[in-house]
1. Filter the range 174-184 for residues that are open to solvent by less than 40 Å² (accessible area, probe 1.4 Å) and assigned to a loop (DSSP other than H, G, I, E, B); which is farthest from E22 (Cα to Cα)?
2. Evaluate the range 15-34: report whether one residue or more is of a type in the set (A, V, I, L, M), in a loop (DSSP other than H, G, I, E, B), open to solvent by less than 80 Å² (accessible area, probe 1.4 Å) and over 26 Å from I181 (Cα atoms).
3. Consider L210 carefully, then state whether it is touching a residue at least 40 places away in the same chain (Cβ under 8 Å), farther than 24 Å from Y62 by Cα and either touching a Ser or Thr at 6+ places or on another chain (Cβ under 7 Å) or not in a helix (DSSP H, G or I) (or both).
4. Out of (1) open to solvent by less than 30 Å² (accessible area, probe 1.4 Å); (2) without any contact (Cβ under 8 Å) to a residue 40 or more places away in the chain, what's the single condition that is false for F187?
5. How about the range 40-61: which of its residues are loosely packed, with under 14 Cβ neighbours inside 10 Å, hydrophobic (A, V, I, L, M, F, W, C) and without any contact (Cβ under 8 Å) to a residue 40 or more places away in the chain?
6. Among the residues in the range 94-110, are any outside any loop (DSSP other than H, G, I, E, B), aliphatic (A, V, I, L, M) and open to solvent by 10 Å² or more (accessible area, probe 1.4 Å)?
7. Could you figure out which of (1) in contact with a strand residue (DSSP E or B) (Cβ under 8 Å, 6 or more places away or on another chain); (2) under 23 Å from G165 (Cα atoms); (3) at pLDDT 95 or above isn't true of A84?
Amino acid sequence: MNIETVISLNGQRPFAHGNHREVYLHPERDDRCLKLMTEDWRKCDRWKRANAVARLIRPKWYYHENEGELHFSRVLARRVGLVAWDLVAHAYGIVGSDLGPVLEVDLIKDSDGKVSLSLKEYVWQHGLTPECEKALEKFWQQLDKLWVFVEARPDNLSVQVKVDGRCQIFAIDGYAFGQLIPLAKWFRREQKRVFRKRRRKQDLALNEILVNRESGEPLESQGIHRRD
């Protein structure tokens, strides 16, 4: 499949969305989804926040979310190998659609065939279950072992539920690496510091979801799947 191939998304509504992308079910493959950029990459927050030096040094894929995700997958494939897809949704390439270029990515699904909930939505519906906590611990251990950097926000992770109730965590977004000079990718001590910081942020975000769950406050729609 290539960019000349045109996939019809006419009449289909996205089942999820981020700040600058919408996510559609692949009409021809039930194991993949398609991510559409809804805003020019030069209007995205990452580009607007960058100073002149960062814009000059960093390549386009850092600012363009679809190209950045594809680059991340290709680097993982070379550096980590097949085990990478046990914790990150695999991006295959950018293809054409009647809505514009889209990124083709593995669709994370539960054992019953339903699209897996984001961690944000899973915790909102079920709380932080022992199965989910165990899966999160394993996820962080794998990230640490393989030196894989993901933001790991609750809306950027999927919780796949197995037939026996066990959970597995996959990163589905949040692959940007903020350091202009990537010290954490070279030095173990700095890598550990970055991981601790990201895990603390995740813990705070999960706690906020649990507090809102108890109070009945609604969640923002980002990271929440459509049900209609």
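1. Within the range 174-184, the subset open to solvent by less than 40 Å² (accessible area, probe 1.4 Å) is 174-177, 182, 184.
Narrowing further to those that are assigned to a loop (DSSP other than H, G, I, E, B): 174-177, 182.
Details: G174: 14, Y175: 17, A176: 18, F177: 22, P182: 29 Å.
Top of the filtered list is P182.
2. Residues of the range 15-34 that are of a type in the set (A, V, I, L, M), as a first pass: 16, 23, 25, 34.
Those still in the list that are in a loop (DSSP other than H, G, I, E, B) too: none.
No: the range 15-34 contains no residue that is of a type in the set (A, V, I, L, M), in a loop (DSSP other than H, G, I, E, B), open to solvent by less than 80 Å² (accessible area, probe 1.4 Å) and over 26 Å from I181 (Cα atoms).
3. On the way: touching a residue at least 40 places away in the same chain (Cβ under 8 Å): yes; farther than 24 Å from Y62 by Cα: yes; either touching a Ser or Thr at 6+ places or on another chain (Cβ under 7 Å) or not in a helix (DSSP H, G or I) (or both): no.
Judged against the criteria, L210 is not a match.
4. Unmet for F187, out of (1) open to solvent by less than 30 Å² (accessible area, probe 1.4 Å); (2) without any contact (Cβ under 8 Å) to a residue 40 or more places away in the chain: (1).
5. Step one: list which residues in the range 40-61 are loosely packed, with under 14 Cβ neighbours inside 10 Å, which gives 40, 42-43, 45, 48-49, 51-53, 55-57, 59-60.
Next cut, hydrophobic (A, V, I, L, M, F, W, C) only: 52-53, 56-57.
Matches in the range 40-61: A52, L56.
6. Filtering the range 94-110 down to residues outside any loop (DSSP other than H, G, I, E, B) leaves 94-97, 102-106, 109.
After this cut, where a residue has to be aliphatic (A, V, I, L, M) as well, the list is 94-95, 102-103, 105.
Retained after the next criterion (residues that are open to solvent by 10 Å² or more (accessible area, probe 1.4 Å)): 94.
Yes: one or more hits.
7. (1)
Residues checked against (1) over 14 Å from Y175 (Cα atoms); (2) out of contact with any strand residue (DSSP E or B) (no Cβ under 6 Å at 6 or more places or on another chain):
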| site | (1), (2) |
| --- | --- |
| H64 | no, yes |
| L70 | no, no |
| L99 | yes, no |
| D112 | yes, yes |
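The values are calculated or read from the model by the stated rules, or taken from the named source; none is laboratory data. Just so you know, these numbers come straight off a predicted model, no measurement behind them. Neighbour counts run over all protein chains shown; Cβ positions are idealised from the backbone, glycine included. To get the accessible areas, we keep the full protein, side chains included, count just its heavy atoms, and leave off ligands, DNA and RNA. Shrake-Rupley method; radii C 1.70, N 1.55, O 1.52, S 1.80 Å.
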